[in-house]
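What follows is a single structure, written as structure tokens, with notes after it.
The values are calculated or read from the model by the stated rules, or taken from the named source; none is laboratory data. Keep in mind that what you see is a predicted model, and the values were worked out from it rather than measured. Cβ atoms come from the backbone with ideal geometry, glycine included; neighbour counts cover every protein chain shown.
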Amino acid sequence: MSVLYITEQGARLAKTGGRLLVKKGRETLLDVPAIEVSQVIIFGSVSITPATVPFLLGRGIDVTYLTRQGRYKGRLQPEFSKKVTLRRHQFARASDPAFCLEVAKAIVLGKIANSRTFCLRQYRESRDQVIGRAIRRMERAMREVARARDIEEVRGQEGAAGAAYYNAFGRMIKAPGFSFKARTKRPPRDPVNAMLSLGYTLLHNNVYAMINVVGLDPYQGFFHAGRYGHPTLASDLTEEFRAIIVDSMVLSVINKRVLKPGDFSQSRKGVYLSREGLRRFVGQYDARMNTKVIHPLCGERMTYMQCIERQ
């Protein structure tokens, strides 16, 4: 099953029989069997016909609404899972400090390990000393996380490793017209940050939808500090996949000239992709999510989307 992304402004999502249609005026832009769709992600001014809403809900298809620039606005989701016992176990585990520390360590060690592997690939090609120093700092952070005695220590080492990683990220960019000095968000201040922010939003929503599918509560996590309205479990489970899904895809999009500086516009609200740039970016992201890899634990070949579900 796949995610249906709708970026065409003024389009509408309709249904006929067991099929979903994306239409604009009298033109049909896309026609797919509903059975092949697991989630719909809508950007900006896109409507859904009244008959299509219950059709989607009845088939368990989650709909996420983003702004034209990719900021999260809300979601339309099917009936919440009836797995009450599973969620009781989840809440009980979240009240156990030892278990939360164990999970936090696993999340952060996985995140840093994936970031380190990503940097190692780039370092082998460039021998850039900034990247080399970042790798060594991440290795030190992993050792500190392994012996941490509380979650605050784990969070501190995650922050230190993240600072070193993003300091090295800009050194990996080879295409002219792009640069990266620091992570900025809400709003992103340059094209690279615009792509990272959008990619992380899409990834977070994929993870959120998968959590609902398996019956857990996305708002009860184990690592991120809880705050009102923040789906902390979705944030927890997103961390390990950032570098291997979003960051690697963004770097590829830049260095292979899939997107160019002219595909972005700047305003007081930040830097954002053009309509055509957004379409190409979403296509690249979808291709990345459907790339098959060998799962490191079970040894099975599966897509990144399936890896998220297995996680």
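Looking across region 174-188, the residues that are surrounded by fewer than 22 Cβ atoms within 10 Å (Cβ to Cβ) and under 13 Å from Gln69 (Cα atoms) come down to Lys185, Arg186, Pro187.
In summary, no strands (runs of 3 or more DSSP E) completely within region 236-311 bear 1 or more residues that are farther than 17 Å from Tyr5 by Cα and not assigned by TED's automatic domain parsing to the domain that holds Arg116.
Looking at this structure, is Glu153 on the phi < 0 side of the Ramachandran plot and either surrounded by 13 or more Cβ atoms within 10 Å (Cβ to Cβ) or part of a loop (DSSP other than H, G, I, E, B) (or both)? When the stated conditions are applied, Glu153 passes them.
The condition of being out of contact with any Gly (no Cβ under 7 Å at 6 or more places or on another chain) and in the same structural domain as Gln90 (by TED's automatic domain parsing) does not hold for Leu233. Scoring Ala175 on the criteria (1) touching a residue at least 24 places away in the same chain (Cβ under 8 Å); (2) part of a helix (DSSP H, G or I) leaves a single failure, condition (2).
The condition of being within 22 Å of the chain's Cα centre (by Cα), assigned by TED's automatic domain parsing to the domain that holds Pro261 and among the hydroxyl-bearing types (Ser, Thr, Tyr) does not hold for Tyr123.
Would you confirm whether or not region 137-150 contains a residue that is within 21 Å of the chain's Cα centre (by Cα), surrounded by fewer than 17 Cβ atoms within 10 Å (Cβ to Cβ) and farther than 25 Å from Asn290 by Cβ? Looking through region 137-150, none of the residues is within 21 Å of the chain's Cα centre (by Cα), surrounded by fewer than 17 Cβ atoms within 10 Å (Cβ to Cβ) and farther than 25 Å from Asn290 by Cβ. Residues being out of contact with any helix residue (DSSP H, G or I) (no Cβ under 7 Å at 6 or more places or on another chain), surrounded by fewer than 19 Cβ atoms within 10 Å (Cβ to Cβ) and at negative phi are represented in region 219-226 by at least one member. The residues listed here are Leu21, Leu66, Leu57, Leu29; of these, the one that is touching a residue at least 24 places away in the same chain (Cβ under 8 Å) and of a type in the set (A, V, I, L, M) is Leu66. For Val53, the stated conditions do not hold, so it cannot be described as of a type in the set (A, V, I, L, M), out of contact with any helix residue (DSSP H, G or I) (no Cβ under 7 Å at 6 or more places or on another chain) and outside any helix (DSSP H, G or I).
Does region 7-25 contain any residue that is closer than 19 Å to Met305 by Cβ, touching a Ser or Thr at 6+ places or on another chain (Cβ under 7 Å) and outside any strand (DSSP E or B)? Checking region 7-25: not a single residue is closer than 19 Å to Met305 by Cβ, touching a Ser or Thr at 6+ places or on another chain (Cβ under 7 Å) and outside any strand (DSSP E or B).
Looking only at residues of region 69-112 that are of a type in the set (A, V, I, L, M) and surrounded by fewer than 17 Cβ atoms within 10 Å (Cβ to Cβ), we find that the one that is nearest to Leu216 (Cα to Cα) is Leu86.
Each row is one residue, and each column tells you yes or no for (1) in the same structural domain as Ala209 (by TED's automatic domain parsing); (2) modelled with pLDDT of 95 or more; (3) not in a strand (DSSP E or B).
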| residue | (1), (2), (3) |
| --- | --- |
| Gly60 | no, no, yes |
| Val63 | no, no, no |
| Arg68 | no, no, yes |
| Phe91 | yes, no, yes |
